[in-house]
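First the structure, in the form of structure tokens, and then the observations on it.
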Amino acid sequence: MSATRPLHLAAEIGGPPRYAADSHVTLARLAEGGALDYVTLSDSFGRPGPDALAVLSRVAPATTRIGLVPTVTTTHTEPFHVSSAVATLDWVSKGRAGWQADVSTTEAEARLFGRRSAAPAGALWQEAGEVADVGALLWDSWEDDAEIRDVATGRFIDRDKLHYVDFEGSTFSVRGPAIVPRPPQGRPVTVVDGTSGPARETAARYADVVHVRATSPEQAAALRDDLRRSAAAHGRDPDGLRILVALTVDLGDAEKTPEPGLESGPQLAGRGTYFRGGPVDLAELITRWHRGGAVDGFHLTPITPERDLERIVNGTVALLQHRSLFRTFYPGGTLREHLGLGRPANRHTLARTSGGHSS
Amino acid sequence: MKQMHLAAHFPGVNSTTVWTDPRSRSQIDFASFEHLARTAERGKFDFFFLAEGLRLREHNGRIHDLDVVGRPESLTVLNALAAVTERLGLAATVNATFNEPYELARRLATLDHLSEGRAAWNVVTSSDAFTGENFRRGGYLDRADRYTRAAEFVATARELWDSWTPDGDSRPFAHSGQHFQISGEFTVPRSPQGHPVVIQAGDSDEGREFAASAADVIFTRHGTLEAGRRFYADVKARLAKYGRQPGDLKIMPGVTVVLGDTDAEAQQNAAEIRHQQVSPQNAILALEQIWGRDLSSYDPDGPLPDIDPDPRSDLVQGRVRVADPLAAAARWRELSEAKGLSIRQTAIEATARQSFIGSPATVAAELEEFVTTDAADGFILVPHLTPGGLDGFVDQVVPLLQERGAFRTEYSGSTLRSHLGLARPVWKS
Ligand SMILES: Cc1cc2nc3c(=O)[nH]c(=O)nc-3n(C[C@H](O)[C@H](O)[C@H](O)COP(=O)(O)O)c2cc1C
């Protein structure tokens, strides 16, 4: 791979729980000012914090370009509701939605719902894959031109362009079709943190973007190759996959300039590898790893969002832009466009136009 | 003087919307939601309301294709609308059968925080297996059980909303009942309204009892003066046994309004709208919904069929059934014979809902009469055009209501509870 592959940058805007909209809006706008691909907002039923998808829906009209990727768990939720809510985020943001699929592994989370006990991560990630699968089916269950508003025949929709999904998963079934018409991006972007083994398999099969944890460019490159091979084995085009290295960054102390994994900072609860240094050091690291072709980009989790995101955007990103390694504006409007991912053709339309059969 | 409450229904999916009108716009683009919400807020409305349906309706085994169909997920849209409005209440219809208290209570509390106290939940209870085919729990729950689940659901949600103290400390909760056995810690502090406003829609005896015990607002279909007064008296009388005052529960029928410069012009506009709503295809459909039979070979401009309805039919799926098809058919025949009406003309008359038709002055006076004579506490207005269908009402009728002292001229508070004159729920430890 050449080193001229576009660089993708994303940032987490979570941190300590905040329930009013202001700080989320401020952070998302800050990230948008740096032309970042997307912001994530992590979430879990097991610790304090508001519903992430709701927060990013609230942020959507207050921003114009940045991608919006809330964590949505698949373990105790209804796949049908999940797919509707993510599609709706895409509608209200005009094509900027993604979702980071996650699972709930603890007994404490299971007790909040009282429907099933905790299960091993392997089974839950398989179920998460099924949720991603049925989500894509539901997003395709309306063809793009299903709404016809044909006054002559009185038909609002062409029901031949709506499709039942009849999905039978290991723990749920969905009849379909979706209630929500196909969203602007066709399918909102699916993100998976592929750090853990069971998640990586699901990521290779269903994700558009995978976050990985690596402590060296070599390790990142190996993970990337592995994910791409695995995606290809599932019949996917590996170029439809973006692999971003997750870094937890602390830009508060500019005296040290360590490589991630090589320094002795405290081990954080977050999922990224820990980086501590100055904004310029971070730009150097990103430049070096990206030039080597090891990664498609980085997902940065600032440990103190208000302070560090500002330094990332005005320091690190500004420098990368100055070096022409990162864009200075958004050439497109949708998250898929930022990521250089095509809008997926609707499988039923494809089957129809290629002479095949659609259900 | 008793002031009325007003809400705007976004007419996404139904047979009210005249989508053939050239002014009709998307029912899904955010711009449409924003337009109607801003209109409602300009009119100082109490809230903006979204209905819900969790499976596309079917007719004769196929997806019904004649009405507006397709809508976004309510809470997600309302969170986005919170960004473009400041005072307007934001009400989502969410089914209590196909959701779980922990997750939904959290989503509602989040909306209440993000909107600074403007969230409401319309608790609906459909139980049918047809809808259940989209969900993990599947399609069970007896008619009787769905209201016990709904009541326990609301009670549980309130326990969760009260599990953080007003000082912001989280306390563990544990609920053990017939439908839910859950425990742990809630992730969201008590929200600006304490509890989001609870609305109930559903008309059976169980539904009314549930509303009397647990709801802040009832969304009803009883929109004529007489039926409205009977319903109002019935429901308000049920409150005492739950230790509640008549003012604790607001009754708001869903109604349509058609305006004209004169009453005669408004009547003419209304006739045209009805004609568009009940197209020839829709007239046959309305008939089939009662008869439970395929009547596609009948001429919409011809007479009603002389065969009887099939009372056990499942021709129509995903909408509230006609309770007694034989009686309904008899009513339609009577109407048709008395006035010499065709199928389509009969459908136009028989399916008409209460509406206020007239000049702005006439409509303002009638709305006020409903409220002052206790047929309603206010109205949920269902426009027939998306999204501009309430522009005329807000520009022409609201000022008259304000002049009469029948409606607020400014919001006096910032939360939906304050618009509705409802007390902030006392925190229960
Ligand atoms: C005015 C009104 C509006 C309703 N809106 C909805 C709705 O948006 N979604 C839904 O699933 N059910 C809706 N319902 C259905 C009720 O929740 C309930 O399932 C139905 O009325 C049957 O209950 P009942 O026997 O108590 O009337 C509505 C009912 C009424 C009366």
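Kirkwood hydrodynamic radius, the stretch B:92-203, all distinct C-alpha pairs: what's the number in Å?
Details: mean 1/r = 0.0690 Å⁻¹.
After inverting the mean inverse Cα-Cα distance, the result is 14.5 Å.
Taking 0.36 nm per residue of separation and subtracting the Cα-Cα distance, full extension of the segment from B:R62 to B:D263 would add 68.2 nm. Restricting the calculation to Cα atoms, every distinct pair contributes to the Kirkwood radius of the stretch B:273-312, found to be 10.6 Å. Rounded to the nearest 10 square angstrom, A:S324 shows an accessible area of 100 square angstrom against a 1.4 Å probe.
Quick one: buried accessible area between A and B, total over both chains, 1.4 angstrom probe, nearest 100 Å²? Intermediate values should be presented prior to the final figure.
Values: alone 15530 and 19040 Å², together 29260 Å².
For chain A against chain B, roughly 5300 Å² becomes buried.
Put simply, the stretch A:17-76 fits an ellipsoid with semi-axes of 21, 12, 9 Å; these come from the alpha carbon gyration tensor as the roots of five times its eigenvalues, largest first. Whole-Hz Karplus values for the stretch B:253-261 come out as x, x, 9, 10, 10, 10, 9, x, 5 Hz, taken residue by residue from phi with 6.51 cos²θ - 1.76 cosθ + 1.60 and θ = phi - 60°; glycine and proline positions read x. What base-10 log of the normalised intensity I(q)/I(0) is obtained for chain B from the Debye formula, alpha carbons as equal point scatterers, at q = 0.08, 0.09, 0.14 Å⁻¹? Each listed q maps to, in turn, -0.45, -0.58, -1.43.
Could you compute the net charge surrounding B:D314? Neighbours are other residues with a C-beta less than 15 Å from the C-beta of B:D314; K and R count +1, D and E count -1. It would help to have the intermediate numbers written out before the result.
Details: positive: B:R55, B:R57, B:R62, B:R293, B:R312, B:R319, B:R321; negative: B:E58, B:D128, B:E133, B:E288, B:D294, B:D310.
Result for the local shell: +1.
Averaging 1/r over every pair of different alpha carbons in chain A and inverting the result gives a Kirkwood radius of 21.0 Å.
Kirkwood radius and radius of gyration were both taken over the C-alpha atoms of the stretch B:27-107, and their ratio Rg/Rh is 1.03.
For the stretch A:147-229, the alpha carbon positions stretch 64, 28, 18 Å along the principal axes, listed from largest to smallest. Near B:I251, the amide H atoms lying under 5 Å from its own belong to B:I218, B:D377, B:G378; only residues 5 or more places off or on other chains count, and H is placed 1.01 Å from N. Our Cα-only numbers for the stretch B:75-131 put the radius of gyration and Dmax at 12.3, 39 Å.
Our coupling estimate for the stretch A:132-147, obtained by passing each phi through the Karplus curve with A = 6.51, B = -1.76, C = 1.60 and θ = phi - 60°, is 5, 5, 5, x, 4, 5, 5, 5, 8, 6, 10, 6, 4, 10, 5, 7 Hz, Gly and Pro reported as x.
Averaged over the residues of B:59-72, the number of partner chain Cβ atoms lying within 10 Å of the residue Cβ comes to 6.
Restrict the search to the stretch B:235-320; then list the trypsin sites (Lys or Arg not before Pro) that DSSP places in a loop and that have at most 10 other Cβ atoms within 10 Å of their Cβ. Qualifying residues, ordered by number: B:R312. Sequence-distant or interchain residues sharing an amide H contact under 5 Å with A:V249, placed H: which? Here the answer is A:F275, A:T301, A:I303, since their amide H atoms fall under 5 Å of that of A:V249. Relative to the longest principal axis of the Cα atoms of chain A, helix A:79-92 runs at roughly 70 degrees. Amide hydrogen proximity for A:R242: with H placed 1.01 Å from N in the peptide plane, the residues at 5 or more positions away or on another chain lying under 5 Å are A:V209, A:V210.
Contact residues in the stretch B:99-121 (at least 30 Å² less accessible area with all protein chains than alone, 1.4 Å probe): B:E100, B:Y102, B:E103, B:R106, B:R107, B:T110, B:H113, B:L114. Rolling a 1.4 Å probe over the protein heavy atoms of the protein assembly as shown, with every protein chain left in place, gives an accessible area that is 50 percent carbon and sulfur.
Averaging Cα coordinates gives a centre for the stretch B:229-272 and one for the stretch A:42-108; these two points are 38 Å apart. Roughly speaking, what % of Cα-Cα pairs in the stretch B:361-429 are separated by over 14 Å, rounded to a whole number? The share of Cα pairs beyond 14 Å in the stretch B:361-429 comes to 70 percent. Here the stretch B:333-375 was treated as a single set of alpha-carbon atoms; its pair distances binned every 5 Å from 0 give 5, 20, 17, 12, 12, 13, 16, 4 percent.
What is the sum of charges, Lys and Arg at +1 and Asp and Glu at -1, for the other residues whose Cβ falls under 12 Å from the Cβ of B:A8? Present the calculation step by step, with values, prior to reporting the outcome.
Working: positive: B:R38, B:R42, B:K44; negative: B:E41, B:D46, B:D391.
Net charge around B:A8: 0.
Helix A:279-291 and the longest principal axis of the Cα set of chain A meet at an angle near 60°.
What the Cα atoms of the stretch A:73-151 give is an Rg and a Dmax of 15.6, 55 Å.
Provide B:T110, B:T20 ordered by accessible surface of protein heavy atoms (probe 1.4 Å), highest first. It would help to have the intermediate numbers written out before the result.
Values: B:T110 0, B:T20 50 Å².
Sorted by accessible area, descending: B:T20, B:T110.
What does the average come to when, for each residue of peptide B:27-38, you count the partner chain Cβ atoms lying within 10 Å of its Cβ?
The per-residue average across the peptide is 2.
Put a plus charge on the Cβ of each Lys and Arg, a minus charge on the Cβ of each Asp and Glu, and nothing anywhere else: the dipole of the stretch B:93-250 about its Cα centre is then about 360 debye.
Within the full protein context, the accessible area of B:W427 is estimated at about 70 Å² for a probe radius of 1.4 Å.
In sequence order, the stretch B:147-163 has phi-based couplings of 7, 5, 5, 4, 5, 5, 4, 5, 4, 5, 4, 5, 4, 5, 5, 8, 6 Hz under the Karplus curve 6.51 cos²θ - 1.76 cosθ + 1.60, θ = phi - 60°, and Gly or Pro positions carry x.
Assuming R0 = 60 Å, what is the FRET efficiency of B:Y242 and B:S297, from their Cβ-Cβ distance, to the nearest 0.05? The value I calculate is 0.70.
Accessible surface calculations at 1.4 Å, restricted to protein heavy atoms, place the stretch A:1-135 at 28 Å² per residue.
With every protein chain kept in place and ligands, DNA and RNA left out, what is the accessible area per residue of chain B? Probe 1.4 Å, answer in Å². Don't skip to the answer; put the middle values down first.
Numbers: 16340 Å² over 429 residues.
Accessible area per residue: 38 Å².
The residue among B:Q3, B:V13, B:A92 whose Cα reaches farthest toward the positive pole of the charge dipole of the stretch B:1-145, with charges on the beta-carbon of Lys, Arg, Asp and Glu, is B:Q3.
Highest mean first, what order results for B:379-389, A:153-163, B:295-305, B:159-169 on Cβ atoms within 10 Å? Show your work: numbers first, answer last.
On the way: B:379-389: 23.9, A:153-163: 19.0, B:295-305: 14.5, B:159-169: 16.7.
My ranking of the peptides, most packed first, is B:379-389, A:153-163, B:159-169, B:295-305.
When Rg and the Kirkwood radius Rh are both evaluated on Cα atoms of the stretch A:8-153, their ratio Rg/Rh stands at 1.03.
Summarised in one figure, the compactness ratio Rg/Rh of the protein assembly as shown, Cα atoms and Kirkwood Rh, is 0.99. Antiparallel as a % of all DSSP beta bridges within the protein assembly as shown, to the nearest 5? Close to 20 percent.
For the protein assembly as shown, lysine pairs with C-alpha atoms less than 23 angstrom apart, excluding pairs fewer than eight positions apart on the same chain, total 8. Please work out whether the stretch B:1-146 counts as rounded, prolate or oblate from its C-alpha gyration tensor, where a ≥ b ≥ c are the square roots of the eigenvalues and a/c under 1.5 means rounded, while otherwise a/b larger than b/c means prolate and anything else oblate? Taking the square roots of the gyration eigenvalues as a ≥ b ≥ c, the stretch B:1-146 is oblate. Taking 0.36 nm per residue of sequence separation and removing the Cα-Cα distance, the A:D158/A:R236 pair yields an extension gain of 25.0 nm.
Pairing the Cα long axis of helix B:360-372 with the longest principal axis of chain B, what angle in degrees results, from 0 to 90 and rounded to the nearest 10? So the inclination is approximately 60 degrees.
The values are calculated or read from the model by the stated rules, or taken from the named source; none is laboratory data. Everything numeric in this text was worked out from a predicted model, so none of it was measured. With ideal geometry, Cβ positions are generated from the backbone for all residues, glycine too; neighbour counts draw on all protein chains shown. SASA here: full protein model, heavy atoms, side chains in, ligands and nucleic acids out. Shrake-Rupley method; radii C 1.70, N 1.55, O 1.52, S 1.80 Å.
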